[in-house]
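What follows is a short report on a single structure.
The values are calculated or read from the model by the stated rules, or taken from the named source; none is laboratory data. Just so it is clear, the model here is predicted, and its values are computed rather than measured. A quick note on method: Cβ atoms are made from the backbone with ideal geometry, for glycine too, and the neighbour counts reach across all protein chains shown. Only protein heavy atoms, including side chains, enter the accessible area calculation; ligands, DNA and RNA are left aside. Shrake-Rupley method; radii C 1.70, N 1.55, O 1.52, S 1.80 Å.
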Amino acid sequence: MELRVLRYFLTVAMEENITHAAEILHVTQPTLSRQLAQLEEELGVTLFRRGNHRITLTEEGQLLRRRAREILELTDKAEEELTHMDQVVTGTIAIGCGEARSIRCLADTMAAFRKKYPRVSFEIYSAIADDVSARMDRGLLDFGLLMEPVDISKYNFVHMPHKERYRLLVRKDDPWRIKRP
């Protein structure tokens, strides 16, 4: 399985049309169709449901789309890191987090870091703790900002200074409203 073919596959999955994808990729439609057919043959599965003017992903195609994105993200990250090893501090720091009060502390830390290292950028991946942990385990994230309870036994960690507080909001005229004592 070639990285180029994975990029082709993702473009077709996004466009849902081989002709449009071929135009974006600057390849001919027959070449792209042949590459996809070879990928399906190599994997031994059908990746697309083909219609007259639109194609959609099968269940196997949806799985490959998720994995292909991860593979290409790791590949791009490795290339970026290797390309800039001998230069000034540059690169991208990938951080996974949920929407939490501690995000403000994270934003302040990122701003201070960027002042010191202006060629470093940040990518934020927003998800629940299980998804963030899984991406960290696969090397797709450098840091995770997770709310407890979460299994931290395999990570180095620092407790954030803020306690999280949540509110449930409903309209005042909602029959399921909660009356305060």
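Quick check on my filter: what residues within region 123-138 are part of a strand (DSSP E or B) and within 23 Å of T90 (Cβ to Cβ)?
If the condition is that a residue be part of a strand (DSSP E or B) and within 23 Å of T90 (Cβ to Cβ), then E123, I124, Y125 are the ones that fit.
Quick one: which of T56, T92, T75 is at pLDDT 85 or above and not in a strand (DSSP E or B)?
Going through T56, T92, T75 in turn, the sole match is T75.
So, in region 49-70, how many residues would count as being open to solvent by 100 Å² or more (accessible area, probe 1.4 Å), more than 20 Å from V132 (Cα to Cα) and either among the charged types (D, E, K, R) or touching a strand residue (DSSP E or B) at 6+ places or on another chain (Cβ under 7 Å) (or both)?
4
Residue check, S102 against (1) of a type in the set (G, A, S); (2) over 19 Å from the mean Cα position of the chain (by Cα); (3) modelled with pLDDT of 85 or more, all met but one. Which one?
Failed condition: (3).
Please count how many residues of region 1-49 are outside any helix (DSSP H, G or I) and either free of Cβ contacts under 8 Å to residues at least 12 places away in the same chain or among the polar types (S, T, N, Q) (or both).
Adding up the residues that qualify gives 7.
From (1) under 20 Å from Y125 (Cα atoms); (2) over 23 Å from the mean Cα position of the chain (by Cα), pick out the condition that doesn't hold for R65.
Condition (2) is where R65 drops out.
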